[in-house]
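All remarks here apply to the structure that follows.
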Amino acid sequence: MATAAVQVSAPGPVGQPDIGYTPDHDKYLERVKRRRETEKLEQSLPPGFPQRLDSDLVWDGNNLAETYDWNYRLTEEDINEIESALRHFKSLNKPLGYITQETFPLPHLHHTLRSLSHELHHGHGFKVLRGLPVTAHTREENIIIYAGLSSHVAPLRGRQDNTHLGQPADVVLAHIKDLTPTVSDINKIGAPAYTTEKQVFHTDAGDIVALFCLGEAAEGGQSYLSSSWQVYNELAATRPDLIRTLAEDKWVADEFGKEGRKFSVRPLLHYQPAASGSSSTEGKAEKPERLIIQYARRTFTGYWGLPRSADIPPITEAQAEALDALHFTAEKYAVALDFRKGDVQFVNNLSVFHARAGFRDDPEEDGEKQRHLVRLWLRDPEHAWETPEVLRERWERVYGGVSPEKEVFPLEPRIRSASRGESVGTQGGGGY
């Protein structure tokens, strides 16, 4: 079903554990056994960390549908209002960077979309809008509708790349599509977003990840979500040493030369305890408890044309086990979404991991069944979680200084400079 992996041969750092982008369950179990037999593993959590999180953000995908309906199907009235907003924005003759709640007005649907944002930040962490009439519109019109709807959920759009056609730009839209048939050398692909391969559990950069389905695969390509808070609870109960490993400021993430950097060092897990309010709100939590796991596996293992750099420190055996533990625990509690053409999936990137199955497209260039998503990284100042100090520079690269006149919404798929299997010099977008 999936494209055959063509890993570029590279030695990697001296001492790098035997771990690849695609998790190997047998190797994982062997590593668990070996470490338990040869190491004295910590039996307690880091100071101040909770034994258990209790929240709607803690859920088990195996039975979630019994208590939570994550779908909102757009009504005929909603669609009519969206079509009216599309006509209004087009009448303004403004660039797409000027799409806002005001230029894409949704007087009635607005309240539903604001409730959706509340659910993302304070409820279960994800929601799916269903029923956009993709085939009735041009590619540009679909993107206008997508950005317009999203502006009512979270009005700030994040930068996913900072160059377009060789020029500085705030590229705020990315295409997720198999590009292996169209690139001259598939070893130049450095991220699974541009292949048909399985994508393992991970997070992107930024607060909210929005995905709009323009086309479905002929086979496969299911979308999977998993509560990182549920994953935390299981690991805290069974492997507190791995919680310590995840929270250590010792994770060397390969930056693959983005913006001239070889690597960065930060924790993967960030805990923010609840903080009491002032005397006027005595007894109430002014700042709610938050737990954030933020990572992409490929920055520690490499992928295809972007193998892990040989001149940076290796990850440790404990970190290799922790990466596999995150994936396999997330897989255990994941929910599979019936993600269809015309759906928009909104996910709290700070509390929910996402992944996808491998897939097969129609082989013809103009085949009807070809998986094609477009992605926005969003932030809603009203409901936004506090960004941990060590992530603020990264968040600034995503959201800082994005201006309407420089926003670019590419209409055709292209590989982001941050995901090319070649030297990217000072190029690169925020996040992964």
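Candidate cross-link partners of LYS406 among the aspartates and glutamates, defined by an alpha-carbon separation under 12 Å and a same-chain spacing of 8 or more, comprise ASP161, ASP170.
Think of each Lys and Arg Cβ as +1 and each Asp and Glu Cβ as -1; about the Cα centre, that makes the dipole of region 40-419 roughly 700 debye.
With contacts taken as Cα pairs under 8 Å at a separation of at least 6 residues, region 273-413 carries a relative contact order of 13 percent. Under 1.5 on a/c is rounded, so check that first for region 343-387, then, if it is not, pick prolate when a/b is larger than b/c and oblate when it is not; a ≥ b ≥ c are the square roots of the alpha carbon gyration tensor eigenvalues. Prolate shape, in that a/c is at least 1.5 and a/b is the bigger ratio. Peptides 398-411, 244-257 ranked from most to least packed by the mean count of surrounding Cβ atoms within 10 Å: 244-257, 398-411.
The relative contact order of the chain comes to 32 percent, based on Cα pairs under 8 Å that sit 6 or more residues apart.
Computed about its Cα centre, the charge dipole of region 1-140 is approximately 460 debye, with only Lys, Arg, Asp and Glu carrying charge at their Cβ.
Okay, which of region 69-91 sit inside 15 Å, backbone N to the point 7 Å along the Cα-Cβ direction of ALA169? Counting only backbone N, you get no residues. Shown for HIS327, HIS108, HIS372: other C-beta atoms within 10 Å of each C-beta, ranked fewest to most, produce the order HIS108, HIS372, HIS327. Only helices enter the 222 nm calculation for the chain: every DSSP H run of n ≥ 4 contributes -39,500 (n - 2.57), and dividing by all residues gives -7500 deg cm²/dmol, rounded to 500.
Think of the chain as having a plus end and a minus end, set by charges on the Cβ of Lys, Arg, Asp and Glu; of SER84, ALA310, HIS111, ALA310 sits farthest toward the positive end of this dipole.
Considering only GLY166, TRP59, ALA154, the residue lying farthest towards the positive end of the dipole of region 40-419 is GLY166, judged by Cα position with unit charges set on Cβ.
Relative contact order for region 1-135: 30 percent, from Cα pairs under 8 Å spaced at least 6 residues apart, divided by residue count. Ordering GLY20, GLN272, VAL335 by Cα displacement along the dipole of the chain toward the positive end leaves GLY20 in first place; charges were set at the Cβ atoms of Lys, Arg (+1) and Asp, Glu (-1). Here's the list of lysines a cross-link from LYS27 could span, going by alpha-carbon distance under 25 Å and ignoring same-chain residues fewer than 8 apart: LYS40, LYS198, LYS250, LYS332.
In plain terms, the residue of THR299, THR138, THR196 with the fewest other Cβ atoms within 10 Å comes first and the most crowded comes last, giving THR138, THR299, THR196. Beyond 26 Å, what percent of the Cα pairs of region 40-419 remain? Result for the distance tail: 53 percent.
Kirkwood hydrodynamic radius, region 154-243, all distinct C-alpha pairs: what's the number in Å?
Here the Kirkwood hydrodynamic radius works out to 16.5 Å.
Computed over region 1-148, the Cα gyration tensor eigenvalues convert (square root of 5λ each) into semi-axes of 45, 25, 16 Å, ordered from largest to smallest.
With a 10 Å cut-off between alpha carbons and a GNM built on the chain, which of ALA275, ALA174, ALA236 moves the most? In this elastic network of the chain, the residue with the biggest mean-square fluctuation among ALA275, ALA174, ALA236 is ALA275. The GluC sites (Glu not before Pro) found in region 1-110 that occupy coil by DSSP, while having at most 12 further C-beta atoms within 10 Å, are GLU39, GLU102.
Throughout, read-outs are computed from the coordinates displayed, never taken from laboratory work. Being a predicted model, the structure only gives us computed values, none of them experimental. Cβ coordinates were reconstructed from backbone atoms using ideal geometry, including for glycine residues, and neighbour counts include every protein chain displayed.
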